[in-house]
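Heads up: the structure comes next, in structure tokens.
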Amino acid sequence: MRILLIGNFAPPYEEENLHNLSLLNMLENDGHQCTVLNISQNSANNEKIINTKSVLDFSRKLLSHSRKKDVLHFLTKGYLRVGLLKLMASIFVGKLFRLRTVITFHSELFSILGQMRSPFGGTQTLNTSFFLVDKIIYNDRDTFEVASMYRKKSNFELIPSFVHVPQEKQENGSRVLRKLQDKEKVIMFTNVKYPSYVFNVLMSLINNNPFPPETGIAISFSEKPASKFHRIIKEAGSELSDSLIFIEPDDLSSTLHAFSKSEIIVRPLSCDGETFFERFSASASKTFRSNNNIYFPGGLIFVKEGRTADMCVNVIKTMVSTVTADIPLKTSDPYTRIKQIYEEA
């Protein structure tokens, strides 16, 4: 198949863009011809991925690369108004060229439809896209159920988000993997900014809390250079130097290694490569591993009210020790189901 993928494919890496890259790599490994438009303001590392900056630039490249395709698949969290305009334009162009059109919603903060969505602009844009699109994939049941209250769910599908880590990458002895392989538990802080609530929670974990020796902390800042923040953290956690490991924001291989070992992923809220509410909110997701895939079946959003960093650390520690529920059997092979959606008439 000839597939046009549209979404965030650029560093810094987290669940959203790692899922998108996993889908791209698996499709290409199966012999499908993929063209990719990156809608993040950050540039993708892969030269084959086409970066788009302005709305005009995106529209021009969308029209150019939609020709002679079989499938158009737009992947987003759907929070940003500009992103929703790109979504609606993509689905409209897909129907214009008679492509099979698919939307994937990565959700974390609030459901894509409902009382928190503006009735003017946001809801109208979504309703237009929902009316035209062939299939809508939701990564979590809450968003699926809330959207079902507002729209008919005949074209809805519940498929969990996943990050694929090939076996050869798990076995290669990278510096990150060598340092983490002896750790019983790993907590990963990704896309860390300063100042931010995620940074405050990280410092609270290092400074003020009993730290089990078998637990490692993987840290990836949102951008380079971050050497001064490395120094601050190392000085604060001098007794934990063997447990701290820093990952460059554009190091995809090391990030995948860290994700494959992590029990909890802590990061700021984001959409299409843009972070928001970073001064007073943070996301903590529990991971589940099956075969070579990493899933995110449960998580929490922390919203700061007062001095709550220590409280969040205690919640995260409880999450680390909690056994993760299995994913539903009917979606135990999400990639195969996505391919089936592409092939449906």
*Residue in region 57-98 that is nearest to Q124 (Cα to Cα), counting only those that are within 21 Å of the chain's Cα centre (by Cα) and hydroxyl-bearing (S, T, Y)*: Y79
*Positions within region 12-59 being without any contact (Cβ under 8 Å) to a residue 12 or more places away in the chain, farther than 20 Å from N292 by Cβ and part of a helix (DSSP H, G or I), in sequence order*: L56, D57
*Going through region 63-85 one residue at a time, which ones are closer than 19 Å to N17 by Cα and either aliphatic (A, V, I, L, M) or at pLDDT 95 or above (or both)?*
L72, H73, F74, L75, L80, V82, L84
*Restricting region 131-169 to residues that are under 17 Å from T255 (Cα atoms) and in contact with a Ser or Thr (Cβ under 6 Å, 6 or more places away or on another chain), which is modelled with the lowest pLDDT?*
V165
_Condition broken by S222, with the remaining ones in (1) under 19 Å from D310 (Cα atoms); (2) modelled with pLDDT of 80 or more satisfied_ = (1)
*Out of region 58-107, which residues are of a type in the set (A, V, I, L, M) and in contact with a Cys (Cβ under 9 Å, 6 or more places away or on another chain)?*
L80
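The values are calculated or read from the model by the stated rules, or taken from the named source; none is laboratory data. Just so it is clear, the structure is predicted and the values come from calculations on it, not from any experiment. Positions of Cβ are backbone-derived with ideal geometry, glycine not excepted, and every protein chain shown enters the neighbour counts.
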